[in-house]
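What follows is a short report on a single structure.
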Amino acid sequence: MESSTSKTLQINLDKVKSYDMTKKKNLRPKKFKKTPAVANAVEEKSEYEKQLESKMLKYQRNENLSTKNVKSKNERSLVNKNIEISQMLAKKAARAEILKTEQTGFDLTLKDFGPYSINYSRNGKSGAEVHCLRKMIETQAMDFLPFHYLLTSIGNQGILRYQDTSTGQIVAEYKTHFGPCKALATSEYNSIQHLGHTNGNVTLWSPNSSEPLVKMLCHKGPVNSIAIDKSGTYMATSGLDGQMRIWDIRKYQVLHSYHTFTPATSLDISQLGMLAVGHGPHATLWKDAIKTKAQSPYLSHLISGSDITAVSFVPYEDILGIGHSTGISSIIVPGSGEPNFDTYEANPFETKKQRSEKEIHSLLDKLQPEMITLDPSLIGVLADQKTPAQILAEKKEVLTIALKSKTDIKNKKRGKNSAAKRMLRKKQKNVIDATKLSTLIKKVYVDKQTLIKKVYVDKQTLIKKVYVDKQTLIKKVYVDKQTLIKKVYVDKQTLIKKVYVDKQTLIKKVYVDKQTLIKKVYVDKQTLIKKVYVDKQILTKHILIKLD
Amino acid sequence: MKIKTISRSSADFVKERISDIEKIQRNFDPLLHPQEKAREYTRALRSAKLERMFAKPFIGSLTGHIDGIYSMSKNPLKLDYLHSGSGDGEVRVWSLSNQKTFFRVENAHNGLVSGLTCIPDSVNKFISVGNDKFVKLWDIEQSPVSTEESSISQHIPVVTYTGKEAFNGVDHHRQNDLFATCSSIVSIWDINRSEPITNLSWGSDTIRTVKLNQTEVNILATSGTDRNIILYDLRSSSPIAKVVMTLATNAITWNPMEAYIFSTANEDHNCYTFDMRKMDHSTNVMKDHVSAVMDIDYSPTGAELVTASYDRTIRVFDAKKGHSRDVYHTKRMQRVFVAKYTMDSKYVVSGSDDGNIRLWRAEASSRAGAKSNREVSSLNYMSKVKNKYSHMPEIRKVLKQRNLPKDITKANRTKKIMLDARKQKEENIRKHSKPGSMPRIPERAKSIVASTSK
């Protein structure tokens, strides 16, 4: 396949620059003495250096410059400086010539310092600036969010860092708690960071949350590499378990699983959805492997005797860059790049002026890290106003969920009491972060619940006691009443009887008395009558006598 | 097998010569424009901030008048000309581009110059009326002459008409040689006759303003101190309609694009827009002033209005909206009695009690002068994006915030308290009266007491 003459190879000059810098380091005399192995490496010039030197001859100028006849010290130093500059310029020009080869596909053999990883700029053009990022330590993977001006990095520490490259500020720094990590991918769709961990998890991060937004178990071994397609819908992951899986990120579900003969070390998805897989010395390309289950690869490329570490598509070109242990290769993959670019978005033919102007415009349009969300269409939409009742319900729901998950409440006891940790704890006592807050809330909730229960139980027992007391009291009262009634009845009966008897005896007595009295009265009467009669008789007799 | 790969020739995408324009290729596939919404929003916010940063509406003040300015007129044929009349009887004609007077009559009238109008078919002639019962027709091109009374040469009017009463306003017919004046009656004059040809009246109170429709040319509107707005037809010399408002109307302006629409400036701090075909309610109420509105003028596009108020501010309204788009004030500007849109609708002129005419930009952040195509397209894009997200709280806050003088802020606050209290009281009464006995009257009909039409 012959490409047009205008086609030029463009890769990030960073790699070459860093190569040079290491070279300079090795040339230091101190190291020279200490490590003879390195010295040998320098003595035996690499192929690249040889090539560079031969090319440099073409660009050499000021050959007549020499300090031989210059007497003044000042002038001599000036001449020396000029020589240095001309050397540097020649080297630069030679280096550029080496890179700007006419052919598109190429192999750059850089055996000494492999393996190489690759990344291309947004419009596929070259150009880079160098910062010294002291805070990014032991970095294994990096990515750049061009709209947010954020550089993300993750490494052996397992700390995800977001650094604003326009201001130099560390915007966010989160511990993943998953250990070392070297699989990092950015979704172009929403700028969410996808991290692949050694326990097979893939976590989704935004700079606005100290916890991962999503955690999904993707592999049965460490995750090797992640790639996300342009639409942000599909994610490809590969793991040490020998699997490559295609995921639907909208549903967080696996779509297809592929078996790779050796674990795939690197993945990339092109603008038109072609999937590149680097495994061992092979780079395989799959055409319709994402939306459908593909049966066989579209292309396969072998770089024998090497180990592929990175595959990366060039935007707007049909080119795949392969970084491997022996250098960098660039191969043509027909049908991978987007043929129709948008000048205002990313222009592969941009001029120097356009580029510098774009730099300013993109800085003016810099997005805030707060704008990174899972759903980018939410921006520019007004949030629904929640009623207080709704807010309360939501809080309740959160609390109940928190209460249900036992693992969160569990206190880790092991290794708690080292002196350093105790001191740290003391220091952090006043700091309340999100996790602390959630445990605090949970604790308060639990306390409240137990209190409520206790109060309830107390109330119930109290009620029962009162009830029992009441019942016994009622019974006692009833019994008392009954006995009282009985007693009263008996008393009454005896009384009645007594009264009756009394009455009867009284009546009898009265009767007897009456009778005796009547008798007596009668007797008296009789006696009286008799007496009176007698008296009368006497009287009459007396009278008669008198009369007589 | 034929395999195609991307192969671009730079000749297709790079301009050949320096003078050529850059070649542009577009692809509107949303996948190629990730996070478009967030980027647009950021641009909208930037655009809103830039708009407020560049909002410097005041251009300059035209000084010269000794007394306050109570009448002004613009020339429909000459963009540059502005006529002004002050309280001491002086009339000046200004060149707005030079910000200088080029025609001046010191004692045009004995007392207040109450009205000015241009004659549409001649650039140089204009009419002034005053409290001294005279109507004077002036020609700018006429050279000054020295009179018997004073040796200093002065302009003299081309024609002087004598009326019976002090005049309050004047307006010229768009097509014929007619003009209308108002005092206690409306008089229609022919320029070539010394006496009015028709007198129109309905009621007996003083008429404050008269405005002839410039499109439907035989219709004229008047407003009087008896709180009336009356429409007359010149063809039949009879009134068409009458509206009685709760408070008097200070000024009237006809919409230049829609002949049947006119707006009024009212004493009750509001402006009302009427459709002359249906006068029982107004079509729009424009609120925001905290004192009587003294003058109102449509922009030549008919889309915006400028108002002058007794509260020492000028406001620019969107003709279809209820609240002002912008408010202009300066520390030294006193009660504003007249405000006019210039004929290119890019500037606003105001005349105030302090004797200064002030020139403002109609769009506070716009700048005059030639713009490159790139600048124009960039400005267009920015305004479009800004409008798209103007409902967002962050952007709205930037766009709406205005620093007003303390007394106006205070007046606003007290006015709000008073209106709220009135509203509350009405609601309370409604709550305790028979349902349906107190219907809610729409704001647009509230201040209209009665209306009749023929």
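Specify the longest stretch of chain B that does not include any exposed loop site, a site being one of the GluC sites (Glu not before Pro) with a non-H, G, I, E, B DSSP assignment and at most 16 other Cβ atoms within 10 Å. Value returned for the longest uninterrupted segment is B:259-454.
Let me make sure I get this right: for the range A:106-358, a, b and c are the square roots of the gyration tensor eigenvalues over alpha carbons, sorted descending. Under 1.5 in a/c it's rounded, otherwise prolate if a/b > b/c, else oblate. Which is it? Since a/c stays below 1.5, the shape of the range A:106-358 is classed as rounded. Put simply, the amide H of B:LYS23, placed in the peptide plane, has neighbours under 5 Å in B:LYS15, leaving out anything fewer than 5 places away on its chain.
Taking amide H as placed 1.01 Å from N in the peptide plane, A:PHE313 has its amide H under 5 Å from the amide H of A:GLY321, each at least 5 places away in sequence or on another chain.
Between the range B:323-402 and the range B:177-221, the C-alpha centres lie 35 angstrom from each other.
Here the simple spin-label model places points 7 Å from the Cα toward Cβ, and for A:LEU462 and B:SER383 these points are separated by 7.5 nm. Sequence-ordered 3J(HN,Hα) estimates for the range B:123-135 from the Karplus curve with 6.51, -1.76 and 1.60 and θ = phi - 60° stand at 5, 9, 9, 8, 10, 10, 10, x, 6, 7, 6, 10, 10 Hz, glycine and proline given as x.
Report, please, the projected area of chain B averaged over directions, based on the convex hull of its C-alpha atoms, in nm².
Working: hull surface 133.1 nm².
Reported value for the Cα convex hull: 33.3 nm².
Model label sites at B:GLN424 and A:CYS132, defined 7 Å from Cα along the beta-carbon direction, differ in position by 6.7 nm.
To the nearest 100 Å², how much accessible surface do chains A and B cover up together, summed over both, with a 1.4 Å probe? Looking at A and B, the buried total is near 3500 Å². What FRET efficiency, computed as 1/(1 + (r/R0)^6) with R0 = 45 Å and r the Cβ-Cβ distance, is obtained for A:ARG425 and A:THR292, rounded to the nearest 0.05? In this case the efficiency is close to 0.25. Label point of A:ASP524 set 7 angstrom out along Cα-Cβ; within the range A:486-517, amide nitrogens under 15 Å from it belong to A:513-517.
Calculated FRET efficiency, B:LYS416 to B:SER390, Cβ-Cβ distance, R0 = 30 Å: about 0.80 to the nearest 0.05.
Which percent of the accessible area of the protein assembly as shown is formed by carbon and sulfur heavy atoms (probe 1.4 angstrom)? All intermediate terms of the calculation are to be shown ahead of the outcome.
Numbers: 33170 of 59520 Å².
Whole-percent figure for carbon plus sulfur exposure: 56.
Computing FRET efficiency as 1/(1 + (r/R0)^6) for B:ASN98 and A:GLN51, where r is the C-beta to C-beta distance and R0 is 51 Å, gives about 0.10. Between the range A:249-288 and the range A:162-232, the alpha-carbon centres lie 18 Å apart. One chain, two ends: A:GLN87 and A:LYS454. Fully extended at 0.36 nm per residue, the span grows by 123.4 nm beyond their Cα-Cα distance. The slack between A:THR494 and A:VAL398, meaning 0.36 nm per residue of separation minus the straight C-alpha distance, is 26.6 nm.
Answer rounded, prolate or oblate for the protein assembly as shown, using the Cα gyration tensor with square roots of eigenvalues a ≥ b ≥ c: rounded when a/c is under 1.5, else prolate when a/b is larger than b/c, else oblate. Let's see the in-between values first.
Details: a/c = 3.60, a/b = 1.24, b/c = 2.90.
Since a/c reaches 1.5 but b/c is at least a/b, the shape of the protein assembly as shown is classed as oblate.
Work out how much length B:VAL449 to B:PHE58 would gain on full extension: take 0.36 nm times their residue separation and subtract the Cα-Cα distance, in nm to one decimal. Don't skip to the end; give the middle numbers.
Numbers: separation 391, 0.36 × 391 = 140.76 nm, distance 3.92 nm.
Between B:VAL449 and B:PHE58, full extension yields 136.8 nm more.
Around the amide H of B:ASN250, modelled in the peptide plane, lie the amide H atoms of B:ALA265, B:ASN266, B:GLU267, all under 5 Å away and 5 or more residues distant in sequence or on another chain. Couplings 3J(HN,Hα) for the range A:188-200, derived from phi with the Karplus relation 6.51 cos²θ - 1.76 cosθ + 1.60 (θ = phi - 60°), are 5, 5, 9, 6, 7, 8, 9, 10, x, 10, 6, 8, x Hz, where x marks Gly and Pro.
Taking the range A:306-378, which chymotrypsin sites (Phe, Trp or Tyr not before Pro) meet the DSSP loop condition and have no more than 15 other C-beta atoms within 10 Å? Answer by residue number: A:TYR344. Excluding same-chain neighbours fewer than eight residues apart, the lysines reachable from A:LYS497 by a Cα-Cα span under 18 Å are A:LYS486, A:LYS487, A:LYS508, A:LYS509.
With charges set only on the Cβ (+1 for Lys and Arg, -1 for Asp and Glu), what does the dipole of the range B:69-137 come to about its Cα centre, in debye to the nearest 20? Don't jump to the answer; show the numbers that get you there.
On the way: 8 positive and 6 negative charges, 28 e Å.
That gives the range B:69-137 a dipole magnitude of about 140 debye.
Across the range A:347-363, rounded Karplus estimates of 3J(HN,Hα) from the backbone phi angles (6.51 cos²θ - 1.76 cosθ + 1.60, θ = phi - 60°) give 10, x, 10, 6, 7, 4, 5, 4, 5, 5, 5, 5, 4, 5, 5, 5, 5 Hz, Gly and Pro being marked x.
For the range B:205-360, the calculated P(r), taken from all Cα-Cα distances in 5 Å bins from zero up to the bin holding the longest distance, is 2, 10, 20, 23, 21, 14, 7, 2, 1, 0 percent.
Between B:ALA368 and A:GLN169, the distance separating the two model label sites (each 7 Å from Cα on the Cα→Cβ line) works out to 4.3 nm.
The values are calculated or read from the model by the stated rules, or taken from the named source; none is laboratory data. Predicted model only: the values in this text are computed from it and were never measured. Here Cβ is always computed from backbone atoms with ideal geometry, including for glycine, and neighbour counts include all displayed protein chains. Calculation scope for accessible area: heavy atoms of the full protein, side chains included, ligands and nucleic acids excluded. Shrake-Rupley method; radii C 1.70, N 1.55, O 1.52, S 1.80 Å.
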